[in-house]
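What follows draws every value from the coordinates through simple rules; no lab data is involved. Keep in mind that what you see is a predicted model, and the values were worked out from it rather than measured. Because the Cβ atoms are built from the backbone with ideal geometry, glycine has one as well, and the counts that use them run over all protein chains shown.
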Amino acid sequence: MNHDTAQPAAQAITTAETEGRPAIPQGYMEDAKGRLWPEKSVKATDKLQDQLVRKIFGYADDLSAQIARFKIHTNADIRAFQDLIDEQYGAKIGGNKGNVTFTSFDGRLRVAVAIADNLEFGPELQAAKALIDECIEDWSEGANENIRALVNHAFQTDKAGNINRESVLSLRRMQVDDKRWQNAMQAIADSIRVVGSKQYIRIYSRPAADAKWQLVPLDLAGV
């Protein structure tokens, strides 16, 4: 039999479409279309690739479950400690935002919890852009070209059509004595919408109390 053929072998069986996955008979392998192939008709490299992917997936699936359990237990431990502090002092450490840092007694280990808001801009942002453009057009030439460049950069969208939040908010730090500019900055502030938040837990260590903190990588790229 030609192992390189793109069509199933004559013995191949098409599995019935059911809600659950049917058991694969011993000696067969299922392809992406749900057809069963005798193992002897499958190329050796395809078998090895299948084994490789399943082996890596097995480790990754177990590791993902461990990370999920770690996150659950970590949050529970942090919540219990915060409840203890709340009971003792009557105030939650970190305040309502939940940002807080825990450090070991020897100063060599640290757990930092941060809550980051997910923001988006409302229609007021377009009014702010119009006011800013009006200001720049009326001001004299010269340094205003630099301001125009900053504004254009701030309101430039990425491939997904999103505006860079940090660049827009950075405009509010500029001190400009023009009522229209000030109204534009207020429009930017009014346009901000908090659409959700995400918790980040970062773990650090250092060899000595006066050494630089090193992040413990918990992602594949950081290891």
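Observations
- Our compactness index for region 121-195, the C-alpha radius of gyration over the empirical 2.2 N^0.38 Å, is 1.06.
- Exposure proxy ranking for 169, 52, 218, based on other Cβ atoms within 10 angstrom of each Cβ and starting from the fewest, stands as 52, 218, 169.
- Note, ³J(HN,Hα) from phi for region 198-204, Karplus 6.51, -1.76, 1.60, rounded to Hz, x at Gly and Pro: 9, 8, 10, 10, 10, 10, 10
- Taken about its Cα centre, region 121-195 carries a charge dipole of roughly 380 debye when the Cβ of each Lys and Arg holds +1 and the Cβ of each Asp and Glu holds -1.
- If you wrap the tightest convex hull around every Cα atom of region 24-151 and split its volume per residue, you get 382 Å³.
- Binned Cα-Cα distances of region 180-223, short to long, each 5 Å bin given as a whole percent: 5, 15, 11, 11, 10, 9, 8, 13, 12, 6, 1
- Remark on residue 192: its backbone amide H falls under 5 Å from those of 122, a criterion applied only to residues 5 or more positions apart or on other chains, H modelled at 1.01 Å from N.
- Within the straight-line cut-off of under 18 Å between alpha carbons, the aspartates and glutamates reachable from residue 33 are 4, 17, 19, 46, 50, sequence neighbours fewer than 8 places apart in one chain being disregarded.
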